[in-house]
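Colleague: Following this message is one structure expressed as structure tokens.
What follows is calculated from the coordinates using simple rules that are stated; it is not laboratory data. Keep in mind that what you see is a predicted model, and the values were worked out from it rather than measured. Positions of Cβ are backbone-derived with ideal geometry, glycine not excepted, and every protein chain shown enters the neighbour counts.
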Amino acid sequence: MIVIDRENLLAPGWSHVVSTTNDIAELEAFRIRIGAPVAALQLGNPKWPHLDLKGRVRLEALDLPDVIVVPTTRDLIRYVRHRRTVNS
């Protein structure tokens with residue numbers, strides 16, 4: 001499942017996108033689907049691979065009906081941690 005924060009409060013105009021299962025293939029498929037550049041995929045932290053989105057692709061991602069949108073990055077982290085706890 002894909003989750004996106006409406007806006008990164010530390011970087012206005014940007015959003016994070018994560019997979020609730022840390023599925024890099026799911027993130028890559030989503031990146032391709034919305035037309036985000038390859039550089040959007042961030043793999044530096046193996047516990048939190050994510051996409052960093054801005055501009056048109058960010059706005060399009062926020063409007064997709066099959067993604068969970070949460071207000072802030074803090075909410076995104078809470079949501080994902082909760083899902084991972086429930087599913088483990």
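Colleague: Calculated from the structure, Cα extents along the principal axes in Å equals which of [x] 35, 27, 25; [y] 69, 28, 16; [z] 44, 29, 25?
Modeller: It is the one labelled [x].
Colleague: What full-extension length gain, to one decimal in nm, is calculated for THR72 and ILE24 as 0.36 nm per residue of separation minus the Cα-Cα distance? All intermediate terms of the calculation are to be shown ahead of the outcome.
Modeller: Details: separation 48, 0.36 × 48 = 17.28 nm, distance 2.17 nm.
Full-extension gain reported as 15.1 nm.
Colleague: Give the order of LEU53, LEU27, LEU59 when sorted by the count of other beta carbons within 10 angstrom, beginning with the fewest.
Modeller: Values: LEU53 26, LEU27 22, LEU59 12.
The most exposed by this proxy come first: LEU59, LEU27, LEU53.
Colleague: Using DSSP to define loop residues, name the trypsin sites (Lys or Arg not before Pro) in region 2-88 whose beta-carbon has at most 14 other beta-carbon atoms within 10 Å. Can you show the working numbers first?
Modeller: On the way: sites: ARG6, ARG31, ARG33, LYS47, LYS54, ARG56, ARG58, ARG74, ARG78, ARG81, ARG83, ARG84; in loops: ARG6, LYS47.
When the trypsin sites (Lys or Arg not before Pro) of region 2-88 are filtered for loop state and at most 14 Cβ neighbours within 10 Å, LYS47 remain.
Colleague: Considering only DSSP beta bridges where both residues belong to the chain, give the percentage that are antiparallel (nearest 5). List each step's numbers first, then the result.
Modeller: Numbers: 10 of 13 bridges.
Of those bridges, close to 75 percent are antiparallel.
Colleague: Same structure again: Just want the ordering: VAL67, VAL57, from fewest to most Cβ atoms lying within 10 Å of their own Cβ.
Modeller: Working: VAL67 15, VAL57 19.
The fewest-first ordering by Cβ neighbours comes to VAL67, VAL57.
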